1. Are any of the residues in the range 37-59 closer than 21 Å to residue 218 by Cα and surrounded by fewer than 18 Cβ atoms within 10 Å (Cβ to Cβ)?
2. Picking from 85, 62, 23, which residue would you name as being assigned by TED's automatic domain parsing to the domain that holds residue 122 and within 23 Å of residue 111 (Cβ to Cβ)?
3. Within the range 188-206, how many residues turn out to be surrounded by 13 or more Cβ atoms within 10 Å (Cβ to Cβ) and more than 16 Å from the ligand (Cβ to nearest atom)?
4. Could you grab me the full set of residues in the range 18-34 that are under 19 Å from residue 217 (Cβ atoms) and within 16 Å of the ligand (Cβ to nearest atom)?
5. Would you check if residue 92 is away from the ligand (no atom under 16 Å from the Cβ) and surrounded by 20 or more Cβ atoms within 10 Å (Cβ to Cβ)?
6. Spot the failing condition for residue 220; the list is (1) assigned to a loop (DSSP other than H, G, I, E, B); (2) at negative phi; (3) within 11 Å of the ligand (Cβ to nearest atom), and only one is missed.
7. Can you confirm whether the range 61-82 contains a residue that is over 25 Å from the mean Cα position of the chain (by Cα), more than 12 Å from the ligand (Cβ to nearest atom) and either assigned to a helix (DSSP H, G or I) or surrounded by fewer than 15 Cβ atoms within 10 Å (Cβ to Cβ) (or both)?
Ligand SMILES: C[S@@+](CC[C@H](N)C(=O)[O-])C[C@H]1O[C@@H](n2cnc3c(N)ncnc32)[C@H](O)[C@@H]1O
């Protein structure tokens with residue numbers, strides 16, 4: 001394993017925080033443990049050469065590898081089920097009553113390999129049923145990593161990641177592939193999700209404001225200041241009465257967040 005000097009460590013910490021929000025200030029060991037093989041594989045003999053290269057070229061593929069090595073893309077279908085129950089029982093009935101133009105705007109921010117937005121798409125399909133055709137229910141799904149977005153768009157999953165889905169959904173919303181134990185997402189669920197690359201540090205300039213933003217298990221990498229600033233941008237991009245859903249192991253700063261607290265991991269903008 002290579003070692004990293006304090007100076008190179010600080011350069012990398014500053015670069016990652018400024019550009020991607022990711023706080024590595026307590027992660028010196030993780031960096032050497034997880035990145036030494038990448039540094040060697042790129043043909044560099046030291047972290048100094050690697051950090052110079054990353055900062056000068058900012059090659060998207062190399063940045064992708066760096067982020068993927070230092071964060072986790074872990075996710076699964078129907079993760080943190082209470083949010084999907086709340087979507088079905090409270091949020092969608094409210095939207096169905098109030099959205100006269102029948103256009104919904106739901107964002108999965110930090111969608112990883114697609115399980116979260118595809119779960120949202122399945123919940124929408126279940127909820128609207130035969131009325132779905134009258135509604136525009138497309139879900140925007142974004143991540144900074146091209147690699148996970150590639151997996152999301154391929155939409156092929158192992159049986160294991162489907163096991164939290166309600167009974168019958170695997171049959172209804174997936175097709176078996178030729179490979180035993182592998183499934184692909186049904187076309188009507190897949191086509192309802194639009195994947196885009198988006199760095200959450202960038203200004204939010206999507207066409208519509210959002211009725212619901214899922215940003216779960218993403219801000220765990222950000223320090224408080226970065227998180228507060230992102231939550232403020234989310235707030236400005238949320239419709240009145242719209243929701244922000246975060247991971248259940250996370251919390252927003254109750255004193256400073258402009259959203260109202262509804263229940264654990266669930267926040268709402270005033271109507
Ligand atoms: C653990 S996954 C969360 C997946 C899903 N939301 C869930 O809760 O299961 C975290 C994702 O955040 C993404 N991410 C980290 N920093 C990001 C940034 N600055 N902009 C956009 N996505 C980011 C990572 O690439 C990763 O795919």
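The values are calculated or read from the model by the stated rules, or taken from the named source; none is laboratory data. Predicted, not measured: the structure shown is a model, and the values here were computed from it. Here the Cβ is made from the backbone with ideal geometry for all residues, glycine too, and neighbour counts use every protein chain on show.
1. Looking for residues that are closer than 21 Å to residue 218 by Cα and surrounded by fewer than 18 Cβ atoms within 10 Å (Cβ to Cβ), one finds none in the range 37-59, hence no.
2. Details: 62 fails: assigned by TED's automatic domain parsing to the domain that holds residue 122; 23 fails: assigned by TED's automatic domain parsing to the domain that holds residue 122.
Of the residues listed, the single one that is assigned by TED's automatic domain parsing to the domain that holds residue 122 and within 23 Å of residue 111 (Cβ to Cβ) is 85.
3. Residues flagged as surrounded by 13 or more Cβ atoms within 10 Å (Cβ to Cβ) and more than 16 Å from the ligand (Cβ to nearest atom) within the range 188-206 amount to 3.
4. Residues of the range 18-34 under 19 Å from residue 217 (Cβ atoms): 20-24, 26-27, 30, 34.
Within the range 18-34, 20, 21, 22, 23, 24, 27, 30, 34 meet the criteria.
5. Details: away from the ligand (no atom under 16 Å from the Cβ): yes; surrounded by 20 or more Cβ atoms within 10 Å (Cβ to Cβ): yes.
Judged against the criteria, residue 92 is a match.
6. (1)
7. Narrowing the range 61-82 to residues over 25 Å from the mean Cα position of the chain (by Cα): none.
Among the residues of the range 61-82, not one is over 25 Å from the mean Cα position of the chain (by Cα), more than 12 Å from the ligand (Cβ to nearest atom) and either assigned to a helix (DSSP H, G or I) or surrounded by fewer than 15 Cβ atoms within 10 Å (Cβ to Cβ) (or both), which makes the answer no.
Table: residues versus (1) buried (at least 16 other Cβ atoms within 10 Å of the Cβ); (2) more than 15 Å from the ligand (Cβ to nearest atom); (3) touching a residue at least 40 places away in the same chain (Cβ under 8 Å).
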{"position": "118", "(1), (2), (3)": "yes, no, yes"}
{"position": "141", "(1), (2), (3)": "yes, no, yes"}
{"position": "159", "(1), (2), (3)": "no, yes, no"}
{"position": "179", "(1), (2), (3)": "no, yes, no"}
{"position": "186", "(1), (2), (3)": "yes, yes, no"}
